[in-house]
Amino acid sequence: MPAIETKSATGRRKTAVAHVRLSEGTGVITINRITFEEYLPTIDLQNCVIAPFQTVNMVNKFDVNVVVKGGGKHAQATAIRHAISRSLTLVDPENRKLIKPEGFLTRDPRMKERKKSGQ
């Protein structure tokens, strides 16, 4: 695979928005200037974020810098997964064939329903 420049993408889930910058490196993941393990303390949330890399067999090949806002921790983890999946398809379009069946490229459209007047 040829050397890549920095790839960036945006992922969303509920009200959480994640901006991801992907660059070649050793697998360091930084979320809002905090280490990955500190920001997402549970193994389930960490696995959610790493899943796209495991799908395309590129674990520890990219450094990831994430800025995420809004939502809760679970929505933020899913938004980060969505953004990482999008950026991996920018790195190599062949990755789309592996990531798409897992559902990582599909934005989850479910949102909290608005408050109706008179209720």
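All of the numbers you see were taken from the coordinates with simple rules; none came from a lab. Small disclaimer: the values here were computed from a predicted structure and weren't measured. Cβ atoms come from the backbone with ideal geometry, glycine included; neighbour counts cover every protein chain shown.
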Straight-line reach check, Lys100, cutoff 24 Å on alpha carbons, 8 or more apart in-chain or any other chain, hits among lysines -> Lys7, Lys14, Lys61, Lys73
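What shape does the stretch 36-115 have by the C-alpha gyration tensor, where a ≥ b ≥ c are the square roots of the eigenvalues, rounded means a/c under 1.5, and otherwise prolate means a/b greater than b/c and oblate the rest?
Values: a/c = 2.08, a/b = 1.31, b/c = 1.58.
Judged from the Cα gyration tensor, the stretch 36-115 comes out oblate (a/c at least 1.5, b/c at or above a/b).
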For the stretch 22-68, shape from the Cα gyration tensor axes a ≥ b ≥ c, cut at a/c of 1.5 then a/b versus b/c, turns out oblate
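Which GluC sites (Glu not before Pro) in the stretch 47-119 sit in a loop by DSSP (not H, G, I, E or B) and have at most 13 other Cβ atoms within 10 Å of their own Cβ?
Passing both the DSSP loop test and the Cβ count: Glu94, Glu113.
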Relative to the chain, whose Cα atoms define the longest principal axis, helix 43-55 and its Cα axis are tilted in degrees, nearest 10, by 50
Per-residue ellipticity at 222 nm attributable to helices in the chain (runs of n ≥ 4 DSSP H, -39500 (n - 2.57) apiece, nearest 500 deg cm²/dmol) works out to -10000 deg cm²/dmol
In nm, the gap between the two label points placed 7 Å beyond Cα toward Cβ at Met111 and Lys69 is 1.7
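Placing unit charges on C-beta atoms (Lys and Arg positive, Asp and Glu negative, everything else neutral), compute the dipole magnitude of the chain about its Cα centre in debye, rounded to 20.
Values: 20 positive and 11 negative charges, 181 e Å.
Value, rounded to 20: 860 debye.
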Helix 73-91 sits off the longest principal axis of the Cα atoms of the chain, rounded to the nearest 10 on a 0 to 90 degree scale, by 40
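Around Ala51, with a cut-off of 9 angstrom between Cβ atoms, what is the net charge of the other residues, counting Lys and Arg +1 and Asp and Glu -1?
Charge balance in the 9 Å sphere: 0.
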Ignoring trypsin sites (Lys or Arg not before Pro) buried by more than 16 other Cβ within 10 Å or outside DSSP loops, the longest site-free run in the chain is 62-106
